[in-house]
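Laboratory data are not the source of any read-out in this text; all were calculated from the coordinates shown. Please read all numbers here as calculations on a predicted model, not as lab measurements.
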Amino acid sequence: MGFMDSLKANLKNAKEKIDETAALDRSLSNKLTCEVVSGANHIFTKFFTMGKTADGYALINRKHKIKIITCIDYSETTIGKSAGKKVAGAVVGGVLTGGVGAVVGALAVGNNKKNTVKYDKLIAVDENGYTHEVILKPALMQRQIINNNYVN
């Protein structure tokens, strides 16, 4: 008899948990799925879903209640020379002046190659007061949606 009572209690608890999760999903508005480029942690996993709660906070992956501070434009720039131009400069410098000329030729030749990649940077505070800065892969209107719908 104890086994059956235990089984009924477990089934009841499971059903209550499913109902609770469904109610939470219905209560969240403005759901948004994001991809993290850098800064992933226990709250902001590589891919996370964010929904807005009735009290104006964001709920991350149905677990972590956070306050979104802002989402800003963020870009990273790398500068370098193309490998082909460096090799050509080294060959010409080496032929004309020897070994030292090869080094100087490799450094002097070619235009700098500038590469800029744009991201969205999300800044939020979790329920423990810790600030999180996460770099998000940009998506269409993502930054505007976050700033218009999630920032308190």
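Can you work out the Karplus-derived ³J(HN,Hα) for every residue in segment 144-152? Use 6.51 cos²θ - 1.76 cosθ + 1.60 with θ = phi - 60°, whole Hz, and x for glycine or proline.
These are the phi-based 3J(HN,Hα) values: 5, 4, 4, 5, 7, 10, 10, 6, 7 Hz.
Along segment 11-16, what does the Karplus equation 6.51 cos²θ - 1.76 cosθ + 1.60 (θ = phi - 60°) give for ³J(HN,Hα), rounded to whole Hz, x for Gly and Pro?
Values per residue, Gly and Pro as x: 5, 5, 5, 5, 5, 5 Hz.
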